[in-house]
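Scroll down for the structure; my scribbles are underneath it.
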Amino acid sequence: MARDINFSSAISQKAFKDLTREAGAALSYRNTAPAEPLGITGFDAGIEVSAIDISGSGYWEAAFGNDAPSYLVIPKLRARKGLPFGIDVGAMYSYVPDSNIKLWGIEVSKAILEGTAATPALGVRATYTRLSGVSDLDLQTTGIDASISKGFLFLTPYAGAGGVWVNSEAKGHLKSIAPTLDTENVFQPRIFGGVKITPFPLLGITAEVEYQERPIYSLKGAISF
């Protein structure tokens with residue numbers, strides 16, 4: 001059964017702001033990587049799945065036409081490439097099956113400390129995502145964060161914090177049934193932590209928990225070299 005975002009009823013400005021916060025949290029760029037850079041020859045590509053609990057919110061019922069799922073599950077394709085000077089760049093694309101939700105994003109990160117066998121890595125990152133395919137909602141996010149990580153054998157735990165700016169605007173049918181809705185611009189902090197497991201050469205599995213409005217759980221499997 002298709003679960004498109006297609007507003008069946010009008011919502012208040014407060015509900016639209018709350019929806020903006022939670023949709024921005026769900027659709028912003030996940031970290032799912034330690035802080036150390038890939039290096040000039042490095043490349044990382046894989047599949048990521050994130051899930052956020054959206055139950056108990058009337059605005060999600062309106063967005064999904066009274067058939068909102070308990071969890072919004074977002075699968076993604078991810079790729080990152082190492083560049084000189086400790087810089088990595090990356091891109092992401094998502095299509096949620098049986099829905100009109102599509103998402104793309106880009107990231108750039110810089111290692112402040114690249115890390116050694118005895119010292120941790122420290123990095124900063126900037127991200128951008130944009131929702132597409134949903135005619136009733138224009139939403140985009142911009143984020144910045146910093147993270148620290150330290151490898152131990154085949155485990156690399158990491159943690160970080162930052163913030164996300166979310167911009168949303170009602171369009172299409174939602175704008176016609178709620179013409180007074182104003183554009184929302186919100187800022188929200190985020191914290192996250194996770195661990196990358198490398199059970200075999202070239203294969204990395206990363207599990208992460210983030211808190212941004214609500215807990216967000218992510219799992220990524222990637223080929224790295």
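Numerical summary
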{"item": "Val134 long-range amide H proximity, modeled H, under 5 Å", "result": "Lys102"}
{"item": "Sequence-separation-based contact order of the chain, relative, with Cα cut under 8 Å and 6+ spacing, percent", "result": "23"}
{"item": "Fully extended contour minus Cα-Cα distance, from Leu113 to Leu203, at 0.36 nm per residue", "result": "30.0 nm"}
{"item": "Additional length obtainable on full extension of the chain from Lys175 to Thr41, 0.36 nm per residue less Cα span", "result": "43.5 nm"}
{"item": "Per-residue ³J(HN,Hα) for the stretch 105-115, Karplus 6.51 cos²θ - 1.76 cosθ + 1.60, θ = phi - 60°, Hz, x for Gly and Pro", "result": "x, 9, 9, 9, 10, 9, 7, 6, 10, 7, x"}
{"item": "Principal axis dimensions, largest first and in whole angstrom, of the stretch 1-133 by Cα", "result": "55, 27, 21"}
{"item": "Gain in span if fully extended, Arg214 to Ala161, counting 0.36 nm per residue against the direct Cα distance", "result": "17.6 nm"}
{"item": "Percent RCO, i.e. relative contact order, over the stretch 166-211, from Cα pairs under 8 Å lying at least 6 residues apart", "result": "31"}
{"item": "Percent carbon-and-sulfur accessible area, the chain, ignoring ligands, DNA and RNA, probe 1.4 Å", "result": "67"}
{"item": "Highest-MSF residue in the chain out of Pro75, Pro201, Pro97 [GNM, Cα springs under 10 Å]", "result": "Pro201"}
{"item": "Rg and Dmax of the stretch 80-158, Cα atoms only, in Å", "result": "16.3, 51"}
{"item": "Distance violations [Cα-Cα > 22 Å] among Lys110/Lys196; Lys17/Lys76; Lys14/Lys175; Lys76/Lys150", "result": "Lys17/Lys76; Lys76/Lys150"}
{"item": "Local electrostatic count at Val186 - Lys and Arg +1, Asp and Glu -1, tallied over other residues with Cβ under 14 Å", "result": "-2"}
{"item": "In sequence order, calculated HN-Hα J values of the stretch 211-218 (Karplus, 6.51, -1.76, 1.60; Hz; x Gly/Pro)", "result": "10, 8, 6, 9, x, 10, 10, 10"}
{"item": "Area of Tyr128 that stays accessible when all protein chains are in place (1.4 Å probe, Å², to 10)", "result": "50"}
{"item": "Expected-Rg normalisation [2.2 N^0.38 Å, Cα atoms] applied to the stretch 9-73", "result": "1.55"}
{"item": "1.4 Å probe accessible area per residue over the chain, in Å²", "result": "45"}
{"item": "Radius of gyration, Dmax [the stretch 42-120; alpha carbons; angstrom]", "result": "17.8, 54"}
{"item": "Isotropic mean projected area of the C-alpha convex hull, the stretch 129-225 (nm²)", "result": "7.8"}
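The values are calculated or read from the model by the stated rules, or taken from the named source; none is laboratory data. Everything numeric here is computed off the predicted structure, so don't read it as measured data. Note that each Cβ is placed from the backbone with ideal geometry, even for glycine, and that neighbours are counted across all protein chains shown. Calculation scope for accessible area: heavy atoms of the full protein, side chains included, ligands and nucleic acids excluded. Shrake-Rupley method; radii C 1.70, N 1.55, O 1.52, S 1.80 Å.
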